[in-house]
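The values are calculated or read from the model by the stated rules, or taken from the named source; none is laboratory data. Since the model is a prediction, treat every value here as computed from it, not as a measurement. Backbone-built Cβ (ideal geometry, glycine too); neighbour counts: all protein chains shown. Please note that ligands, DNA and RNA were not included when accessible areas were found on the heavy atoms of the full protein model with its side chains. Shrake-Rupley method; radii C 1.70, N 1.55, O 1.52, S 1.80 Å.
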Amino acid sequence: MNDVVDVHRPVSGDVIDLILDDHRLFEELLRNLRDASSDRESVRDALAAVLVAHAEAEEKYVYPKLRKRSAVGTHEAEHGEEEHAEGHEALLKVLELKGTNTKAFDDAVEELSGTINHHLAEEELTILNPAREELGERARKDLGEAFLEERNRQIDSDCGALANVRKLVARSRKEGKLDEDK
Ligand SMILES: [Fe+2]
Ligand SMILES: [Fe+2]
């Protein structure tokens, strides 16, 4: 990916603060992606990288830890993973379009905005609120470190590249996390 847009690379922090910071970053990048006067290709690359890196890090470390601590139920965690798969599917549509100033691009960005905003609201309400109650300061810091290590490793391995997002969507479809008719 190019480095025109800053994707923020903290190395430590409270896991809930770090996740919320990323959510605000997604909102900012989505807003710029909707703005036809911005460098939409660079914004798209940056958004793809952080979206995928964030979701992978949540699924690898945050959701399992919260399930173990009974902070969230299996249903919430599985639902979160389905929404990540839907987000990646909507992201793939945006990545597959060559031109960025077309009606097709606007439509794909509108769908991506809706899918991501829905997930952010639901995750903050049903996963982060209980996590705040359940995890002490130390656990939140340790989990923050694990989350960031995976997030930054994913960004370094170009996780937002078209080929990788295609692979992730195909895997989710195989695992039944996506509706077959889409
Ligand atoms: Fe998140
Ligand atoms: Fe998430």
* Please enumerate the residues belonging to region 9-28 that are surrounded by 13 or more Cβ atoms within 10 Å (Cβ to Cβ), more than 15 Å from ligand 2 (Cβ to nearest atom) and not charged (D, E, K, R). => P10, G13
* Asked: Regarding L33, is this residue within 15 Å of ligand 1 (Cβ to nearest atom) and of a type in the set (A, V, I, L, M, F, W, C)?
  -> no
* Structure fact -> All-but-one check, V94 against (1) farther than 19 Å from L162 by Cβ; (2) buried (at least 16 other Cβ atoms within 10 Å of the Cβ); (3) more than 12 Å from ligand 2 (Cβ to nearest atom); (4) not polar (S, T, N, Q), failing number (1)
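Can you confirm whether region 72-79 contains a residue that is polar (S, T, N, Q) and in contact (Cβ under 8 Å) with a residue 12 or more places away in the chain? Give the derivation first.
Taking region 72-79 first, the residues polar (S, T, N, Q) are 74.
Remaining after also requiring in contact (Cβ under 8 Å) with a residue 12 or more places away in the chain: none.
Scanning region 72-79, I find no residue that is polar (S, T, N, Q) and in contact (Cβ under 8 Å) with a residue 12 or more places away in the chain, so the answer is no.
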* Number of the exception - K141 against (1) part of a helix (DSSP H, G or I); (2) open to solvent by less than 70 Å² (accessible area, probe 1.4 Å); (3) not aromatic (F, W, Y) -> (2)
* Structure fact -> Only unsatisfied item for A36, checking (1) at pLDDT 95 or above; (2) buried (at least 19 other Cβ atoms within 10 Å of the Cβ); (3) in a loop (DSSP other than H, G, I, E, B); (4) of a type outside the set (S, T, Y), is (2)
* To do: Evaluate the following for V62: is it in a helix (DSSP H, G or I), within 16 Å of ligand 1 (Cβ to nearest atom) and either touching a Cys at 6+ places or on another chain (Cβ under 7 Å) or at positive phi (or both)?
  => no
* Spot the failing condition for A71; the list is (1) modelled with pLDDT of 95 or more; (2) crowded, with 16+ Cβ neighbours inside 10 Å, and only one is missed. => (1)
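Hey, among R44, R24, which residue is away from ligand 1 (no atom under 16 Å from the Cβ), under 14 Å from the mean Cα position of the chain (by Cα) and part of a helix (DSSP H, G or I)?
On the way: R24 fails: away from ligand 1 (no atom under 16 Å from the Cβ).
Going through R44, R24 in turn, just one is away from ligand 1 (no atom under 16 Å from the Cβ), under 14 Å from the mean Cα position of the chain (by Cα) and part of a helix (DSSP H, G or I): R44.
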